[in-house]
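The values are calculated or read from the model by the stated rules, or taken from the named source; none is laboratory data. Because the structure is predicted, anything quoted here is derived from the model rather than measured. We place every Cβ from the backbone using ideal geometry, glycine too, and count neighbours over all the protein chains shown. Keep in mind that these areas ignore ligands, DNA and RNA; they rest on the heavy atoms of the full protein, side chains included. Shrake-Rupley method; radii C 1.70, N 1.55, O 1.52, S 1.80 Å.
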Amino acid sequence: MTGSAGSRRDGQYGLLTAIADEAGVSLATVSKVVHRRRDVSEATRSRVEALLTERGYVRAWDGDARRPRQILAVFRDLAGPYTLEVVRGIVESAAEMGVHTTVGTTSRRSIARWLEESAALGAAGVVIVISALAEQDQRRIVDQRLPVVLVDPLNAPSADIPSVGVTNWHGATTAVQHLLQLGHRRIGMLAGRSHSLAGSARLHGYRAALAEAAIPYDPALVRSTDFDFGEGLRAARSVLALSERPTALFAASDAQALGALEAARQLGIPVPRELSVMSFDDTLVAGMASPPLSAVRQPFHELGQEATRVLLHLADGRPPATTRRELATELVVRESTAPPHEDSGRV
């Protein structure tokens, strides 16, 4: 945001901060009064409202009844197909509810600063996607009862902070079971990092499916990387260089799966004739790959819809019935998976 809009935002932030200091309350409390939240004492509300009137503060929706409510959607970055799908899910579902979305990243602005920005912009709250929350940020969200919803947090959040995700363990189990049903027994995995809740759950799902089929877990067939094309490419080349390579690879994300397809192309391994590749996400690129990827589909629109719904309820002072909601995944079978060929696994 630049120019007059940015100056107005900074002015609003400064005004609300000054009112918070004068009233002896937090900026979050002033924001609650601005949004007419019910979880503020009458004495505090009256004191803050008097200062808002005295300083000439005009609520955006009072000044322009046509202006929609606003939320912030904050991402670690905006790279990769998963992020773009989640952005679209949040923006489109919020628009359906008459809510405007401002999108930002933590690459140059900390989560703590985005929490302050939410009050400055008069936003209803913040959706934080695939980010690690520092302990002080978690304490602030809980202590000040800030309207925040997490989507696929990297680390385990406080039990008091609502989060939305998908059935990562079950989805991964379903993916590996599909490969097992095709006849694969030597199945490798391009897993996420161990510190990622989603990545860890998908690895556990992979291991559970193998155990159910009485197939021993072989760590030599597993590589942990970020959900990244380049890292997936290097990891896949490493696994496929084994003297007894896997006949199938399960990737924990579309980006890693695309890396696996490229690794197979570089090594002259035809997919799916000699190597089946299974993915998790089913973003738009999955169906455009060559060959099109079999994948576990995440309900991106529903993720955005649920995160927005819970956030608006929080902004209205209505906590959710449960602080963790997991949406169901779906198996989508395309052309990248097939029964193992007699030449599969040979180098």
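Key figures
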item: The range 214-314 - Kirkwood radius from inverse mean 1/r over Cα pairs (Å); result: 14.6 Å
item: Gain upon complete extension [Ser290, His204; 0.36 nm per residue less C-alpha separation]; result: 28.1 nm
item: Residue-count net charge about Ala295 - beta-carbon cut-off 14 Å; Lys, Arg +1, Asp, Glu -1; result: -3
item: Inter-label distance, nm, simple model (7 Å from Cα along the C-beta direction), Arg234/Ala220; result: 2.3 nm
item: Where labels lie 7 Å past Cα in the beta-carbon direction, separation of Arg324 and Ala213 in nm; result: 2.7 nm
item: Hz values of 3J(HN,Hα) by residue in the range 16-30 - Karplus curve (6.51, -1.76, 1.60), Gly and Pro given as x; result: 5, 5, 5, 5, 4, 5, 5, 7, x, 10, 7, 4, 4, 5, 4
item: Mean Cα-pair separation over length for the chain, i.e. relative contact order, pairs under 8 Å, 6 or more apart, %; result: 18 percent
item: Linear extension gain, Arg113 paired with Leu242, 0.36 nm per residue minus alpha-carbon span; result: 41.7 nm
item: Relative contact order, percent, the range 185-299 [alpha-carbon distance under 8 Å, six or more residues apart]; result: 24 percent
item: Area of Glu330 that stays accessible when all protein chains are in place (1.4 Å probe, Å², to 10); result: 100 Å²
item: Gyration tensor verdict on the range 182-241 (Cα atoms; rounded if a/c is under 1.5, prolate if a/b is larger than b/c, oblate otherwise); result: oblate
item: The range 78-229: relative contact order as a whole-number percent, Cα under 8 Å and 6+ apart; result: 16 percent
item: Surface accessible to a 1.4 Å probe, Ser253 within the full protein complex, Å²; result: 0 Å²
item: Efficiency of FRET from Cβ geometry, His195 and Thr53, R₀ 56 Å, rounded to 0.05; result: 0.70
item: Calculated FRET value between Arg88 and Asp39, using beta carbons and R₀ = 25 Å, to 0.05; result: 0.20
item: R0 of 41 Å, Cβ-Cβ distance Val333-Ala132: FRET efficiency to nearest 0.05; result: 0.75
item: Over the chain, volume per residue of the alpha carbon convex hull, in Å³; result: 134 Å³
item: CD proxy at 222 nm, helix term only [per DSSP H run n ≥ 4: -39500 (n - 2.57); per residue of the chain; nearest 500]; result: -14000 deg cm²/dmol
